[in-house]
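Asks: The structure is given below, and queries will be raised subsequently.
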Amino acid sequence: MVFAEIRKHHRPSSCWGCDTVGMSELRTLTAAVHQEEDWFIAQCLEVDVASQGASIAEALGNLREAVELYLAEVPEAEVTATPLVTSFQVPGTAA
C-alpha cells in the first residue's frame, strides 16, 4: 500500500491543516493507494471518496479531481481528521 498527499484548492474562512496561497487555501489530504489487477485504487482517508487509474500518478490525479468535485457539490461535507496510519506484524502463517 502506498500513502500519498493530495493538495486541493479550498476557500473556507479557516481551515486546520491548510496553507494559504493568495486568495485560496490548500488543504492537505491523505490517500491510501493499492493495486487491484491492472488498476491502482486511491482512497482519501479524510473524505469518503475513491478513484482509480492505470498508474499511481493517474489514480491520485483522478482522486484529487473527485475530491474537488465532491467538496464543491457538498459544501457541508464532513472532512475527518487524518487517521493514524501504522503497521503491525502477524505470524507468517497468516494470509
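A short reminder: the numbers here are calculations on the coordinates, not readings from a lab. Just so it is clear, the model here is predicted, and its values are computed rather than measured.
Asks: Convert each backbone phi in segment 62-67 into a coupling constant with the Karplus relation 6.51 cos²θ - 1.76 cosθ + 1.60 (shift: θ = phi - 60°), then list the ³J(HN,Hα) values in order as whole Hz, x for Gly and Pro.
Replies: Per residue, the Karplus-derived 3J(HN,Hα) values read 5, 5, 4, 5, 5, 5 Hz.
Asks: Between residue 72 and residue 26, what length in nm is gained on full extension when 0.36 nm per residue of separation is reduced by their alpha carbon distance?
Replies: 15.1 nm
Asks: For residue 49, list long-range residues whose amide hydrogen, built 1.01 Å from N in the peptide plane, is under 5 Å from its own amide hydrogen.
Replies: The list, which skips near neighbours in sequence, is 44.
Asks: Could you list which residues have their amide H under 5 Å from that of residue 30, counting only those 5 or more apart in sequence or on another chain, with H placed in the peptide plane?
Replies: Under 5 Å from the amide H of residue 30: 6, 45, 46.
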